[in-house]
Amino acid sequence: MKKLILLLLFVLPFTVTKGQKPYVALSEDGKLNISCLSTEDISAHIYKAWWKVEATNGHQQEFAIKEIKRLIRDKLPTEGYDKYQSRKYEILIDCKNKKYKILMYIDYDINRNTLNKVEYDTNVAKWNDIIPESLMYTFFDCTCILDTK
């Protein structure tokens with residue numbers, strides 16, 4: 001296993017298991033799981049992937065509080081986020097140029113009810129640089145491990 005230090009939203013180090021599906025990252029303190037749900041080869045060096053970030057048992061409240069604080073800061077509704085558990089991302093990853101584009105994310109509560117769904121127009125959404133030691137770097141690293149084009 002390869003050790004990576006990531007600056008996720010909560011500045012946590014992760015242990016990543018690569019080369020097998022599903023790809024999984026677990027925070028060393030055991031608070032978050034990150035898993036790849038699917039990948040699709042779109043074109044040369046570009047993949048569409050679904051990723052899930054989820055609080056582990058016993059850490060949902062801490063995860064929820066941090067998300068509620070972000071929503072309040074951004075002046076967004078917080079209804080239902082007291083039971084926030086996970087987020088799924090649909091993203092495009094450009095393995096050659098180390099860039100990503102978020103297509104959609106969906107927030108879920110502990111009962112798997114949808115709290116919020118945000119979709120971005122792929123023609124309007126811009127490509128962003130992948131920053132080392134970030135959540136997107138984990139997505140990039142695990143998605144692009146098999147990119148041999």
**OP:** For the stretch 35-74, enumerate the residues that are among the acidic types (Asp, Glu) and under 16 Å from TYR89 (Cβ atoms).
**Re:** GLU40, GLU54, GLU67
Original post:
Within the group ASP109, ASP82, which residue is out of contact with any strand residue (DSSP E or B) (no Cβ under 8 Å at 6 or more places or on another chain), farther than 14 Å from LEU135 by Cβ, charged (D, E, K, R) and at pLDDT 90 or above?
Top reply: ASP82
Subject >> Flag for ILE106 being part of a strand (DSSP E or B), of a type in the set (A, V, I, L, M), in contact with a Lys or Arg (Cβ under 8 Å, 6 or more places away or on another chain) and in contact (Cβ under 8 Å) with a residue 40 or more places away in the chain >> reply: no
**OP:** Pull up the stretch 51-70, narrow it to residues that are surrounded by fewer than 18 Cβ atoms within 10 Å (Cβ to Cβ) and among the hydrophobic types (A, V, I, L, M, F, W, C), then point me to the one that is farthest from ALA125 (Cα to Cα).
**Re:** ILE65
**OP:** Determine the pairs where a residue that is among the hydroxyl-bearing types (Ser, Thr, Tyr), located within the stretch 42-62, has a partner that is at pLDDT 85 or above and surrounded by 17 or more Cβ atoms within 10 Å (Cβ to Cβ) with Cβ atoms under 7 Å apart, the partner being 6 or more residues away or on another chain.
**Re:** TYR47/ILE93; TYR47/CYS95
**OP:** Please state which of the following conditions TYR84 fails to meet, knowing it meets all the rest: (1) hydroxyl-bearing (Ser, Thr, Tyr); (2) surrounded by fewer than 12 Cβ atoms within 10 Å (Cβ to Cβ); (3) touching a helix residue (DSSP H, G or I) at 6+ places or on another chain (Cβ under 9 Å).
**Re:** (2)
Original post:
Does ASN97 satisfy the condition of being touching a Gly at 6+ places or on another chain (Cβ under 9 Å) and either touching a residue at least 12 places away in the same chain (Cβ under 8 Å) or under 19 Å from ILE42 (Cα atoms) (or both)?
Top reply: no
**OP:** With respect to THR138, determine if the residue is polar (S, T, N, Q), touching a Phe, Trp or Tyr at 6+ places or on another chain (Cβ under 7 Å) and touching a residue at least 60 places away in the same chain (Cβ under 8 Å).
**Re:** yes
Original post:
Restricting attention to the stretch 109-119, does a residue exist that is without any contact (Cβ under 8 Å) to a residue 24 or more places away in the chain, within 28 Å of GLU40 (Cβ to Cβ), hydrophobic (A, V, I, L, M, F, W, C) and part of a strand (DSSP E or B)?
Top reply: yes
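The values are calculated or read from the model by the stated rules, or taken from the named source; none is laboratory data. As the structure is a computational prediction, the values presented were derived from the model and not from experiment. Every residue, glycine as well, gets a Cβ built from its backbone with ideal geometry; the counts of neighbours run over all protein chains shown.
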